[in-house]
Structures are given as structure tokens and as C-alpha cells.
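Trainee: Starting off with a structure, shown below.
The values are calculated or read from the model by the stated rules, or taken from the named source; none is laboratory data. Computed from a prediction, not measured in an experiment: that's the story for all the values here. Methodologically, a virtual Cβ is constructed for each residue, glycine included, from the backbone with ideal geometry; neighbour enumeration extends over all protein chains shown. Side chains included, ligands, DNA and RNA excluded: accessible areas come from the protein's heavy atoms. Shrake-Rupley method; radii C 1.70, N 1.55, O 1.52, S 1.80 Å.
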Amino acid sequence: MASVAESLSRLDIGGDWVASAPPGLRRNLFVLSPDQVELAKLLVEMGQNHVFEHWADPGVDDDRKNAFFEQVARLDTSYPGGLASYIKTARELLEDSKAGKNPFDGFTPSVPNGEVLTFGDDSFINFEETGVKEARKAAFVLVAGGLGERLGYNGIKVALPAETTSGTCFLQHYIESILALQEASCRLAEDGCGTQIPFVIMTSDDTHVRTLQLLESNNYFGMQPSQVKLLKQEKVACLEDNDARLALDPHDKYKIQTKPHGHGDVHALLYSSGLLNLWHDAGMKWVLFFQDTNGLLFKAIPASLGVSALRQFHVNSLAVPRKAKEAIGGITKLTHADGRTMVINVEYNQLDPLLRATGYPDGDVNDETGFSPFPGNINQLILELGSYIEELKKTGGAIKEFVNPKYKDASKTSFKSSTRLECMMQDYPKTLPPTARVGFTVLDAWVAYAPVKNNPEDAAKVPKGNPYHSATSGEMAIYRANSLILRKAGAQVDDPVTQVFNGQEVEVWPRIVWNPKWGLTFSDVRKKVNSGCSVSQKSTLLLNGRDIFIEDLSLDGALIINAGEDAEVTAKGRVENKGWILESVDYKDGSVPEEIRIRGFRINKVEHLEKTYDGPGKFCLEA
């Protein structure tokens, strides 16, 4: 039988790396394919001998060995620069972390340029109108790689109802909002545009199949399937120590442990997909990035897109006013001693010490507006497509990473559990040149930001006065926003009452919900409501259709109006009934569906008036 050395020689496998390879790998080299040998060489040269130490002799576990190399190949091809680059970067970042190096050393913070909007004023309406015109030249990207486990919900987060009055899930709401923008933008176009706004969803192993099923089982919620593209992000390798040794799965020694890399992957996925160039060639100008469970976001999108267009921002971060030291990152301009500048999100626990260390003895403090001058980042970005493509040509979409190991003790020599590199979508501006126009748009939180990310137990522990960011508060925020918008449009809307659900004290406003095409912008709402309307606190108003006009309507109960595409409906008079009542449920009650019990209430539909107008024509609902 030929010696291992002779076998390796015939396979043209040689070099110093073979001599340094562990015995388990050397015994198996002659049964590996050339591609597998190359991957083995990469691992050995990157100091990863330990992954082969337990390998059985050839003929034993061969299928598992092949699966190992398939995984390594995926990890290598899905990361910009490959696995060698990942390990090299990891070693540098782990060394910095152990040394306690401050990533902001040498930088001085200041307040960047941006636009602070007041909902409903003339400036806001002008920005909204511009944004609607620009929308047909925009593509939307939803980052939806997460499950709802942190919420106490086992489905994908985008399948969760944004509110339970209509039962519309987040994904349906987003698609209907994009379609409403598409329709409104094309109506304003001078060329009789038939543009379809592209919609990309970044998924993960956890969410990909279920997202596709949700779309297909609902006919894509009215969107053309060709408009929607799903891009699946891969996970990255876990690291077991400061030398960036790859962590093996504790249950399978032929498998590398992996974890999500973070939503910053969206940039590399878009770049490698070729979509950006297709969009550019089709005349697209903007890319809007948003996250999976903010039911208010599209109330802020038209005006924010208008800001990007009129201010000619290459990067526009959507933001809300934040109190000094509030637990939300601040949009900050950083200027380095060497002249470099960047406008990025700085986490709240880094911003205050950074200010104190650079000539602001009081740190992060509120100004005369009652808020910090550094607005709160809500992780929604609008990028100008041309400059975005040029930047990604340089970076391949790679985003500056960070590592956050949990050390066992102060010596920082070992970890409690494996760690990995992470990256965030909003760190894209870190590599931009000083000439890039990077700004922000601030809108009040009541109209722009109500994320759903905390389960009932965690939300109930939130200090009084701070946002709960739960399914309960997220739903109540939608009712509040719609009630306040109707008020600003001239309607009389009763004040809320305070109730407690799942240990969270919330304001309960009238349950007012409309389809996006009814009230895409404030101007739309203002045209369809007059000052003679009144809505009581106990009321529910659900509007499904574009051309529904509310004139001198007095509502004290529940009213649902459904109007077809060619129906124009005017509602007036007094509607009074027992309405729909919120009833408390215990989030620990397993007999109640998860999506209901995480809110702490269900809707008892005691009595309502529902009117449907399908055919073309003008109709009057006069109660």
C-alpha cells in the first residue's frame, strides 16, 4: 500500500502546511477533493488545526466530513474577502477588545446637519408632496431576519398583527403602504408612469421559508410577485477564544458553530445580487431600508424621502427626539484629529462619556427644546442610489464590524460562551468620504417610531415614563397616531383613558385604523375629514378604501366602511352602538393565541355597523 506521502504527492498536495497539519487531517487528505484540500489548507494556515484533531480515519464519518467542508465553503464564499479575512479581522478586534481600546479615540463629537420636521405644518406638507413624487424612483429593503421569540411569539415577526382591530400583519401593512406610494407617485408623474416599486426582503435561515409561505399564501398581499425579491443572509462562524479559533458545535464535532452576523449584511447581499445596477439602469434614485416591526414608519417615509431629495442627502437617517442619556443611539458627527469626519449612530452608553472626554463637562444634556441635540437613531435609512453603488464598488458591501465577547473574568483571557463578529446596517456611513452629504430627518416619536421588540415580562420592568416597545404599546401607538392625525385634520377626537395590560400602563385612544391608500399623507387625510366629525373614546373606526369622505359624522361605537376601487363614499350623521370592547387577557394563559396574549387584551366585537360599497359610483352612508 502506498504511503500517505506518495498519495499526497500524486494529488500534488504539498508544502509546509501539510507538515503542520494535524494527524487526523493528514490521514484524510488523499480522500479529499481538490476544493476540499484548498479549504483544509486555508484552515491550517489560519491557525485552525483544532477543528481536525478529532477526525476519524478515512472510511469513517466521511459523509460528515463532506458536510463539514460544504459548511466551510459556504462560510468562505458568503463573507466579503472570505474566511481568512473574517479570522484576521476577528483577531484584530478581539485584541482591541481585550486591551479596552476605545473605537472613538481621537474623535470629537458635534451635532450634524439635519432637518427637524413638525408634523402637519406647511414645510412638512411640502416635504411629503416631494417624497410622494420621488417614490416611483425608490426601492424598499426590509430587514427581516428575526423570529419573534424575544416577544413571546414563535412565528416570524413580520407575520405578527401590527394591530388587532383590522388584524393586518406587519408585512401586509408594509406592502400596502408601498403600493399606495406607488399608485400616488404614478398619478403625479407626467409620463403616465407604470413603475413598479421594487421590494427586497432580507431573510435568514430562521425566516426565509416562512416569509415565502406568508407571501405566497396571501397572493403577495396585492403586490406583483416579480416586484418582490428575497435575499437570504448566511450566518458567520463563532469564535471560542482571543486567538479567533473557530468554535465547534458542542453536539457535532464536524460542524462549526454559527450565529447571525447582524443586519449590516444587507449591503453586501444587495451588492452581490446585482439588483442595485438593475435599479440604476431602470432610473431608480433611492434605496430605503427599514426594520421589521415599526407600525408607524410609513407615516414618516414620504416627508423623509422629500428631505433626501430637496436637501440632496446621500445618506438620510430617520430619527426621533431623544432625551439626554435615553437608551437609544444618537446621530452624531465625529471629527478626528487627523481631519477625518463621519456622521454615524453612537450608542447612548458611548455618547455621554465621549462628550465628557472632549470638552463637554456635563456630557449628554438636554438643550432649550427639552431634548438632547443628538437625535435618536431609529435604524431607518434612505440612501441615494448612485453614490451607494460607487461606495459598494470599493467595499463590496462590507460594513465595519465589532465584537462583543462576554469574558469569564477581568483577565479577559476566556469567554463565557463563543462570540462572533457583528455588523449593523446603520454603520454604512463609516467608510464614506468627507464629501458625502450625510444628514438626518427628525420626526416626533408619536408619528414615526413604535417598535415591537420586548416581551410582556421585560416590558413590565421598564421604568415608568420610558417606552415599553412591546406588542401592547406598539398597537396603542397606532391608535394614538391616527387619533392625533384626525385631530390635526380638524376632527373632534376624545382624549384617551389609561388602562393596564400585561403590567403596562398605556393610553387607550379610539381604535382608528385606515388602509394606507386612504391616508398615505397628511394632505390626503385633511381632504377627507372635516371639522364637524367627532369620535368618542370607546369608538372603533376602520376605513378600507381610497375614496371615503367623513363629513359631519358623530361616532360613538364601531363603524367599518369598505369601498371598492371605483366607489366614492361619503359618511355623515350619527352612528351609535355598543361597539368593540377591549378585554384583558393574561399573557400566561396558554388557551389564548400567542399574538393576542402578548398584548394583554383581546377585542370583543359586541356590536358594529359595517357598510361595503363594491361597484363604481358615488354613495352616501347617512346614519
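Trainee: Take Val44 and decide whether it is part of a helix (DSSP H, G or I) and modelled with pLDDT under 95. Break it down stepwise before answering.
Mentor: On the way: part of a helix (DSSP H, G or I): yes; modelled with pLDDT under 95: no.
Spelling it out, it is not the case that Val44 is part of a helix (DSSP H, G or I) and modelled with pLDDT under 95.
Trainee: Can you name the number of the only condition in (1) in contact with a Leu (Cβ under 7 Å, 6 or more places away or on another chain); (2) at pLDDT 95 or above; (3) open to solvent by 10 Å² or more (accessible area, probe 1.4 Å) that Ala300 fails?
Mentor: The one condition Ala300 does not meet is (3).
Trainee: Hey, Pro112 hits all of (1) without any contact (Cβ under 8 Å) to a residue 12 or more places away in the chain; (2) surrounded by 14 or more Cβ atoms within 10 Å (Cβ to Cβ) but one; which does it fall short on?
Mentor: (1)
Trainee: While we're here: Only one of Glu607, Glu583 is more than 36 Å from the chain's Cα centre (by Cα) and modelled with pLDDT of 95 or more. Can you tell me which?
Mentor: Going through Glu607, Glu583 in turn, the sole match is Glu607.
Trainee: Ok, one more. If you go through segment 493-527, how many residues are more than 29 Å from the chain's Cα centre (by Cα), in a strand (DSSP E or B) and either surrounded by 16 or more Cβ atoms within 10 Å (Cβ to Cβ) or touching a residue at least 12 places away in the same chain (Cβ under 8 Å) (or both)?
Mentor: Here is the first cut: in segment 493-527, the residues more than 29 Å from the chain's Cα centre (by Cα) are 493-499, 526-527.
Retained after the next criterion (residues that are in a strand (DSSP E or B)): 493, 497-499.
Applying the additional criterion that residues be either surrounded by 16 or more Cβ atoms within 10 Å (Cβ to Cβ) or touching a residue at least 12 places away in the same chain (Cβ under 8 Å) (or both) yields 493, 497, 499.
The total comes to 3.
Trainee: Something else: Can you list residue pairs whose Cβ atoms sit under 7 Å apart, with the first residue in segment 59-75 being at positive phi and the second being buried (at least 17 other Cβ atoms within 10 Å of the Cβ)? Count only pairs 6 or more apart in sequence or on different chains.
Mentor: Asp61/Tyr254
Trainee: Out of Val141, Val111, Val72, Val60, which single residue is in contact with a Phe, Trp or Tyr (Cβ under 6 Å, 6 or more places away or on another chain) and β-branched (Val, Ile, Thr)?
Mentor: Working: Val111 fails: in contact with a Phe, Trp or Tyr (Cβ under 6 Å, 6 or more places away or on another chain); Val72 fails: in contact with a Phe, Trp or Tyr (Cβ under 6 Å, 6 or more places away or on another chain); Val60 fails: in contact with a Phe, Trp or Tyr (Cβ under 6 Å, 6 or more places away or on another chain).
Sole residue among the options that is in contact with a Phe, Trp or Tyr (Cβ under 6 Å, 6 or more places away or on another chain) and β-branched (Val, Ile, Thr): Val141.
Trainee: Here are some residues: Asn242, Asn219. Which one is touching a helix residue (DSSP H, G or I) at 6+ places or on another chain (Cβ under 9 Å) and open to solvent by 50 Å² or more (accessible area, probe 1.4 Å)? It would help to see each step written out before you state the result.
Mentor: Numbers: Asn242 fails: open to solvent by 50 Å² or more (accessible area, probe 1.4 Å).
Only one candidate qualifies: Asn219.
Trainee: More than 27 Å from His280 (Cβ to Cβ) and in contact (Cβ under 8 Å) with a residue 60 or more places away in the chain: does that describe Val447?
Mentor: Spelling it out, Val447 is indeed more than 27 Å from His280 (Cβ to Cβ) and in contact (Cβ under 8 Å) with a residue 60 or more places away in the chain.
Trainee: How about segment 161-171: which of its residues are within 11 Å of Pro593 (Cβ to Cβ) and touching a Gly at 6+ places or on another chain (Cβ under 6 Å)?
Mentor: To start, the set of residues in segment 161-171 that are within 11 Å of Pro593 (Cβ to Cβ) comprises 161, 164.
Pro161, the sole residue that qualifies.
Trainee: Further question on the same structure: With respect to Ala268, determine if the residue is in a loop (DSSP other than H, G, I, E, B) and out of contact with any strand residue (DSSP E or B) (no Cβ under 8 Å at 6 or more places or on another chain). Lay out the reasoning, then the answer.
Mentor: Working: in a loop (DSSP other than H, G, I, E, B): no; out of contact with any strand residue (DSSP E or B) (no Cβ under 8 Å at 6 or more places or on another chain): yes.
Criteria not met by Ala268.
Trainee: What is the number of the single condition among (1) in contact (Cβ under 8 Å) with a residue 12 or more places away in the chain; (2) part of a helix (DSSP H, G or I); (3) under 18 Å from Glu128 (Cβ atoms) that Arg210 does not meet?
Mentor: It is condition (3) that Arg210 fails.
Trainee: Oh, and also: Can you name the residue in segment 117-132 that is of a type outside the set (Val, Ile, Thr) and open to solvent by 40 Å² or more (accessible area, probe 1.4 Å) and is also nearest to Pro198 (Cα to Cα) among such residues? Spell out the reasoning first.
Mentor: Just the residues of segment 117-132 that are of a type outside the set (Val, Ile, Thr), to begin with: 117, 119-124, 126-129, 131.
Narrowing further to those that are open to solvent by 40 Å² or more (accessible area, probe 1.4 Å): 121-123, 126, 129.
Numbers: Asp121: 31, Asp122: 30, Ser123: 28, Asn126: 25, Glu129: 21 Å.
Ranking the qualifying residues of segment 117-132, first place goes to Glu129.
Trainee: Pairs under 6 Å by beta carbon, first residue under 23 Å from His336 (Cβ atoms) in segment 83-106, partner among the small types (Gly, Ala, Ser), six or more apart or different chains?
Mentor: The qualifying pairs are Gly106/Ala337.
Trainee: Of all residues in segment 397-416 being more than 16 Å from Gly262 (Cα to Cα) and in contact with a Pro (Cβ under 9 Å, 6 or more places away or on another chain), which is most open to solvent (accessible area, probe 1.4 Å)? Please lay out each step first, then the result.
Mentor: Residues of segment 397-416 that are more than 16 Å from Gly262 (Cα to Cα), as a first pass: 406-416.
Among the residues that remain, those that are also in contact with a Pro (Cβ under 9 Å, 6 or more places away or on another chain) are: 412, 415-416.
Working: Lys412: 58, Phe415: 14, Lys416: 143 Å².
So the residue we want is Lys416.
Trainee: Of all residues in segment 22-74, which are over 12 Å from Lys255 (Cα atoms) and basic (Lys, Arg)?
Mentor: Residues satisfying the conditions are Arg26, Arg27, Lys41, Arg74.
Trainee: Suppose the filter is polar (S, T, N, Q), more than 16 Å from Cys620 (Cβ to Cβ) and either touching a residue at least 12 places away in the same chain (Cβ under 8 Å) or out of contact with any Gly (no Cβ under 6 Å at 6 or more places or on another chain) (or both); does Thr540 pass it? Talk me through it step by step, then tell me what you get.
Mentor: Details: polar (S, T, N, Q): yes; more than 16 Å from Cys620 (Cβ to Cβ): yes; either touching a residue at least 12 places away in the same chain (Cβ under 8 Å) or out of contact with any Gly (no Cβ under 6 Å at 6 or more places or on another chain) (or both): yes.
Spelling it out, Thr540 is indeed polar (S, T, N, Q), more than 16 Å from Cys620 (Cβ to Cβ) and either touching a residue at least 12 places away in the same chain (Cβ under 8 Å) or out of contact with any Gly (no Cβ under 6 Å at 6 or more places or on another chain) (or both).
Trainee: If you don't mind, there's one more thing I want to ask. Criterion first (within 23 Å of Phe501 (Cα to Cα) and in a strand (DSSP E or B)) does Leu582 satisfy it? First the steps, then the outcome.
Mentor: Numbers: within 23 Å of Phe501 (Cα to Cα): yes; in a strand (DSSP E or B): yes.
Yes; evaluated as a whole, the condition is true for this residue.
Trainee: While we're looking at this one, here's another question. Would you pick out the residues in segment 246-265 that are within 26 Å of Asp427 (Cα to Cα) and either open to solvent by less than 50 Å² (accessible area, probe 1.4 Å) or in a loop (DSSP other than H, G, I, E, B) (or both)? Spell out the reasoning first.
Mentor: To start, the set of residues in segment 246-265 that are within 26 Å of Asp427 (Cα to Cα) comprises 246, 257-265.
Those that are within 26 Å of Asp427 (Cα to Cα) and either open to solvent by less than 50 Å² (accessible area, probe 1.4 Å) or in a loop (DSSP other than H, G, I, E, B) (or both): Leu246, Gln257, Thr258, Pro260, His261, Gly262, His263, Gly264, Asp265.
Yes or no, residue by residue, for (1) open to solvent by less than 50 Å² (accessible area, probe 1.4 Å); (2) polar (S, T, N, Q); (3) farther than 30 Å from Lys527 by Cα:
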site: Leu582; (1), (2), (3): yes, no, yes
site: Tyr587; (1), (2), (3): no, no, yes
site: Glu594; (1), (2), (3): yes, no, yes
site: Glu610; (1), (2), (3): no, no, no
site: Asp614; (1), (2), (3): no, no, no
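Trainee: Does Gly490 satisfy the criteria of being at positive phi, open to solvent by 50 Å² or more (accessible area, probe 1.4 Å), assigned to a loop (DSSP other than H, G, I, E, B) and free of Cβ contacts under 8 Å to residues at least 60 places away in the same chain?
Mentor: Working: at positive phi: yes; open to solvent by 50 Å² or more (accessible area, probe 1.4 Å): no; assigned to a loop (DSSP other than H, G, I, E, B): yes; free of Cβ contacts under 8 Å to residues at least 60 places away in the same chain: yes.
So Gly490 fails the test.
Trainee: With respect to Ser20, is the statement that it is over 19 Å from Lys65 (Cα atoms), among the hydroxyl-bearing types (Ser, Thr, Tyr) and at pLDDT below 70 true? Don't jump to the end; show me each part of the working.
Mentor: Details: over 19 Å from Lys65 (Cα atoms): yes; among the hydroxyl-bearing types (Ser, Thr, Tyr): yes; at pLDDT below 70: no.
Considered against the rule, which asks whether it is over 19 Å from Lys65 (Cα atoms), among the hydroxyl-bearing types (Ser, Thr, Tyr) and at pLDDT below 70, Ser20 comes out as no.
Trainee: If you take just the strands (runs of 3 or more DSSP E) that sit entirely in segment 277-379, which of them hold at least 3 residues that are of a type outside the set (S, T, N, Q) and more than 22 Å from the chain's Cα centre (by Cα)? Talk me through it step by step, then tell me what you get.
Mentor: On the way: elements: 286-291, 315-320, 330-336, 341-346.
Once the strands (runs of 3 or more DSSP E) in segment 277-379 are filtered for at least 3 residues that are of a type outside the set (S, T, N, Q) and more than 22 Å from the chain's Cα centre (by Cα), what remains is 330-336.
Trainee: Output the residues belonging to segment 133-178 that are open to solvent by 30 Å² or more (accessible area, probe 1.4 Å), over 16 Å from the mean Cα position of the chain (by Cα) and touching a residue at least 40 places away in the same chain (Cβ under 8 Å).
Mentor: If the condition is that a residue be open to solvent by 30 Å² or more (accessible area, probe 1.4 Å), over 16 Å from the mean Cα position of the chain (by Cα) and touching a residue at least 40 places away in the same chain (Cβ under 8 Å), then Lys133, Arg136, Lys137, Gly152, Asn154, Ser166, Glu176 are the ones that fit.
Trainee: Here's a follow-up. Quick one: which residue in Lys430, Lys394 is assigned to a helix (DSSP H, G or I), touching a residue at least 60 places away in the same chain (Cβ under 8 Å), open to solvent by 50 Å² or more (accessible area, probe 1.4 Å) and more than 20 Å from Leu142 (Cα to Cα)?
Mentor: Numbers: Lys394 fails: touching a residue at least 60 places away in the same chain (Cβ under 8 Å).
Only one candidate qualifies: Lys430.
Trainee: For segment 453-461, indicate whether the set of residues that are touching a residue at least 12 places away in the same chain (Cβ under 8 Å), in contact with a Leu (Cβ under 8 Å, 6 or more places away or on another chain), under 30 Å from Ala491 (Cβ atoms) and not β-branched (Val, Ile, Thr) is non-empty.
Mentor: No, every residue in segment 453-461 fails to be touching a residue at least 12 places away in the same chain (Cβ under 8 Å), in contact with a Leu (Cβ under 8 Å, 6 or more places away or on another chain), under 30 Å from Ala491 (Cβ atoms) and not β-branched (Val, Ile, Thr).
Trainee: Pull up segment 528-574, narrow it to residues that are surrounded by fewer than 21 Cβ atoms within 10 Å (Cβ to Cβ) and among the β-branched types (Val, Ile, Thr), then point me to the one that is nearest to Lys488 (Cα to Cα).
Mentor: The residue in question is Thr570.
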